[in-house]
Amino acid sequence: MRKLKRSTSAAVIVATLAGTAALATAAPASAASYHCTTSSYTVDDPSYTGPDSDNWDFDVQLCAKRSGGYIYTTATVNWDGPYASNQHTSLTFNKARFHLQTRKSTAGTDPVVKYGNYTGLENALEHSSGNGNGSYKTGTLKTKASGRYQYIGDGYIELDWSGDGQGYRKPLLFSASPRV
């Protein structure tokens, strides 16, 4: 009898542990995922005239998702800058920002329903790696969705090159996210 109790207790413990493990490894409820598009842009530093390459190669991933009656948009910027940029980047830009937008997809021009300017891009560019590489992730814009419309994440980079006295130049445009 005593052996039976021990076996039964062991079976209950094993079953409980198996149930707990199953709960711990169960996938979370289906959450909406981001839909993203990545595009590139190469820009020349207009204030640099040295013998080395001075191009900045940007890859931007623009993402949007619809979840719980809201639209979420975000962007990630990756770059490959000039090798020497890590020594002189604080002298390269007066200002730099990523302008993130949530747009309502309509016929004609898609109106902007929310936007944010992420000026942290300047600091990230100024602290590129020794090879001139780096990345920056914007915050996330959250916008109430209108049920019948689709939305996209869109955005661009604006750079104010140091020493040229021109302020922000022509925006560096990237491909918008897929519609959500």
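One table, with the values for the structure above:
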quantity: Around N78: net Lys/Arg minus Asp/Glu count, Cβ-Cβ under 15 Å; calculated: -2
quantity: Integer Hz, Karplus 6.51/-1.76/1.60 couplings in order for the range 71-82, x for Gly and Pro; calculated: 10, 10, 10, 7, 9, 10, 10, 10, 9, 10, x, x
quantity: Spin-label model distance (nm) - S146 vs S105, 7 Å beyond Cα toward Cβ; calculated: 1.6 nm
quantity: The range 32-136 - accessible surface per residue (Å², probe 1.4 Å); calculated: 50 Å²
quantity: Solvent-accessible area, 1.4 Å probe, carbon plus sulfur percent, for the range 38-168; calculated: 43 percent
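The values are calculated or read from the model by the stated rules, or taken from the named source; none is laboratory data. Computed from a prediction, not measured in an experiment: that's the story for all the values here. Ideal geometry is used to build each Cβ from the backbone, glycine not excepted, and the neighbour counts take in all protein chains shown. Areas reflect the complete protein model, heavy atoms only, side chains present, ligands, DNA and RNA absent. Shrake-Rupley method; radii C 1.70, N 1.55, O 1.52, S 1.80 Å.
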